[in-house]
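S.K.: My structure is below; once you've seen it, I'll send some questions.
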Amino acid sequence: MDSIAVTGGAPLRGEIPIAGAKNACLTLMPATLLTDAPLTLTNAPRLSDIRTMTTLLQSLGAEVQTLQQGRVLALSSHDLTSQHADYEIVRKMRASILVLGPLLARYGYAEVSLPGGCAIGARPVDLHLRALEAMGAELDLRDGYVHARAPGGLKGAVIEFPFVSVGATENALMAATLAKGTTVLRNAAREPEIVDLARCLRRMGAQIEGEGTKTITIEGVSSLGGATHEVVTDRIELGTYMLAPAITGGEVELIGGRRELVGAFCDKLEEAGIGVEETERGLKVARRNGRVNAVHVVTEPFPGFPTDLQAQMMALLCTADGVSVLEERIFENRFMHAPELMRMGAKIDVHGGTATVTGVERLRGAPVMATDLRASVSLILAALAAEGETVVSRVYHLDRGYERVEEKLSACGARIERIAA
Ligand code: UD1
């Protein structure tokens, strides 16, 4: 297993290009299962999670061609051979459950293993299943698989989610495009990835209104066609790299960044004393002299502060002037990075879903271990600011969500290198 060594202390200056969104791409790819026409995705990120989804779709008989060094994915499901998503692939990534809605909608039958993924809490899929049941699916959970049938096809329904789920909204949205009649999704997720999925589905011929609001209405159609769609910018990669100059000092322009993708996060950065400026090419982030201010962060569904930036924000607040509080409201057990940051000298108290961070003057380098995707990059950010060398082990988590992290950061003057196992 590779590790990453970082020698901290260098302020960062330069520019970082932001890739297409992993989480958008992971829901756009299964949309191929809804049609026998080709679907082409441009601006795809080059990540191991995308390769896992590729393997899963190929195991169903879909064709996935990777063009332009992985930037373009050409997908086709005209000759699907299987509706069985196997445990051996699904267990690697929770987003695999997103094949369930499309398979069921198009074929009236699917067998999908219950998923695995990052170890951040229980993360059940009950909302996905309830939504499909409301649309007339008959579900049987046995041997670790969801066996789903909709012999007469799915039917439109009014579905009110008890709380916001990104994945359940995506699964229901895709399934509803081919259901008979009208589906209304209430308390739907409003994330930019949902908006991106709806736009792509509309290009394929779906009739959808209201994406980006709490109520999405879908008028089912009998079949969908092909489309070419550009994947939206990765707001989590954007926020993560915005934190790099915030933590080290310096000034970095994030190419392709847009404030509306990370509004609540920008507000918190500014409250902490970091400068965020919109430019023609993206967003420019600069840190003035002195320590950052302590702030209170509460994670919420979009447009609130994203849970996927909580660990990285904590890395910044470890050296803030004062006591910061981070409340994690989306996932239980999402503070696994805290003990690792404490190995670097951070002062953090975790009680349930709340972490209290008492800022220290400086972090010190230490050997640390990545525990999940976002936790691993928070350790790299902390290491950029720490005194001395930090070695982050188990960086395979990082490769699931960040492409060429060491190249992007070293181009701005960071001293960072990958140590191959
Ligand atoms: C997606 C993102 C993930 C992000 C999360 C929240 C992808 C591939 N992943 O994950 O990076 O952290 O949104 O912004 O897009 N829940 C249930 N039952 C369900 C579904 C969810 O109890 O059927 C719970 C989850 O355990 C969690 C909360 O609802 O506590 C939100 O989860 P959800 O929005 O569904 O996250 P994902 O779609 O899995």
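Bear in mind that the values in this text are calculations on the coordinates, not laboratory data. As the structure is a prediction and not an experimental result, all values here were calculated from the model. A quick note on method: Cβ atoms are made from the backbone with ideal geometry, for glycine too, and the neighbour counts reach across all protein chains shown.
S.K.: With a sphere of radius 9 Å drawn around the Cβ of Arg190, what net charge do the other residues whose Cβ falls strictly inside it have (Lys, Arg +1; Asp, Glu -1)?
M.R.: Charge balance near Arg190 sits at -1.
S.K.: In nm, give the distance between the simple-model label positions of Asp126 and Val221, each being 7 Å from the Cα along the Cα-to-Cβ direction.
M.R.: Computed distance between label sites Asp126 and Val221 equals 3.6 nm.
S.K.: What is the distance, in nm, between label points placed 7 Å from the Cα along the Cα-to-Cβ direction at Leu139 and at Glu230?
M.R.: Here the answer is 3.7 nm between the modelled labels.
S.K.: If I take R0 = 35 Å and measure r between the Cβ atoms of Val323 and Met1 in this structure, what FRET efficiency does the formula 1/(1 + (r/R0)^6) give, to the nearest 0.05?
M.R.: Calculated value: 0.45.
S.K.: Can you sort His229, His296, His128, His84 so the residue with the fewest Cβ neighbours within 10 Å comes first?
M.R.: With the sparsest Cβ surroundings first, the list reads His296, His84, His229, His128.
S.K.: I want to make sure I understand the PRE zone here: with the label point 7 angstrom from the Cα of Ala74 toward its beta carbon, which residues in the stretch 18-39 have backbone N atoms less than 17 Å away?
M.R.: What the label zone holds, given the 17 Å backbone N cut-off, is 32, 36-39.
S.K.: While we're here: Around Ala411, which amide H atoms from residues at least 5 apart in sequence, or from another chain, sit under 5 Å from its own amide H, with H modelled in the peptide plane?
M.R.: none
S.K.: Let me ask you something else. What percent does the relative contact order of the stretch 126-275 come to when contacts are Cα pairs within less than 8 Å and at least six residues apart? Provide the component values of the computation, followed by the final result.
M.R.: Details: 229 pairs, mean separation 25.1, N = 150.
Taking the mean separation of contacting Cα pairs over the length of the stretch 126-275, I get 17 percent.
S.K.: Stretched out fully, how many nm does the piece from Thr55 to Arg288 gain, at 0.36 nm a residue minus the Cα gap? Present the calculation step by step, with values, prior to reporting the outcome.
M.R.: Details: separation 233, 0.36 × 233 = 83.88 nm, distance 4.58 nm.
Result for the pair: 79.3 nm of gain on full extension.
S.K.: What distance in nm lies between label points placed 7 Å from Cα along the C-beta direction at Glu407 and Tyr107?
M.R.: Going by the 7 Å Cα→Cβ label model, 3.6 nm.
S.K.: For the stretch 89-187, which trypsin sites (Lys or Arg not before Pro) pass both filters: DSSP loop (anything but H, G, I, E, B) and at most 11 other C-beta atoms within 10 Å?
M.R.: Loop-located and lightly packed - none at all.
S.K.: What are the GluC sites (Glu not before Pro) within the stretch 302-336 that DSSP puts in a loop, where the Cβ has at most 16 other Cβ atoms within 10 Å?
M.R.: For GluC sites (Glu not before Pro) across the stretch 302-336 that sit outside H, G, I, E and B with at most 16 neighbouring Cβ atoms in 10 Å, the list reads Glu332.
S.K.: Rounded, prolate or oblate: which one fits the chain, using the alpha carbon gyration tensor with axes a ≥ b ≥ c (rounded when a/c is under 1.5, else prolate when a/b beats b/c, else oblate)? Kindly include the intermediate steps, with their values, before the conclusion.
M.R.: Values: a/c = 1.90, a/b = 1.83, b/c = 1.04.
Prolate, because a/c is 1.5 or more and a/b exceeds b/c.
S.K.: Let me ask you something else. Taking neighbour counts of Cβ atoms within 10 Å as a proxy for exposure, in what order, fewest first, do His397, His337 appear?
M.R.: Going from least to most buried by this count: His397, His337.
S.K.: Which pairs, out of Lys22/Lys268; Lys22/Lys180; Lys347/Lys408; Lys22/Lys284; Lys22/Lys408; Lys268/Lys347, put more than 26 Å between their alpha-carbon atoms? Mind showing how you got there, number by number?
M.R.: On the way: Lys22/Lys268 24 Å; Lys22/Lys180 31 Å; Lys347/Lys408 29 Å; Lys22/Lys284 22 Å; Lys22/Lys408 17 Å; Lys268/Lys347 20 Å.
Violating the 26 Å Cα-Cα cut-off are Lys22/Lys180; Lys347/Lys408.
S.K.: Here's a follow-up. Using the Karplus curve 6.51 cos²θ - 1.76 cosθ + 1.60 with θ = phi - 60°, work out ³J(HN,Hα) for each residue of the stretch 284-300 in order, rounded to whole Hz, and write x for Gly and Pro.
M.R.: Each residue's phi maps through the Karplus curve to give 10, 10, 9, 10, 7, 5, x, 7, 7, 7, 6, 9, 10, 10, 10, 7, 8 Hz.
S.K.: His147 label point, 7 Å along Cα→Cβ, cut-off 17 Å on backbone N: hits in the stretch 77-92?
M.R.: The answer is 83-87, whose backbone nitrogens lie closer than 17 Å to the label point.
S.K.: Another question, then. With a Förster radius of 51 Å, plug the Cβ-Cβ distance of Glu278 and Lys180 into 1/(1 + (r/R0)^6) and report the FRET value to the nearest 0.05.
M.R.: Efficiency, from the Cβ-Cβ distance: 0.70.
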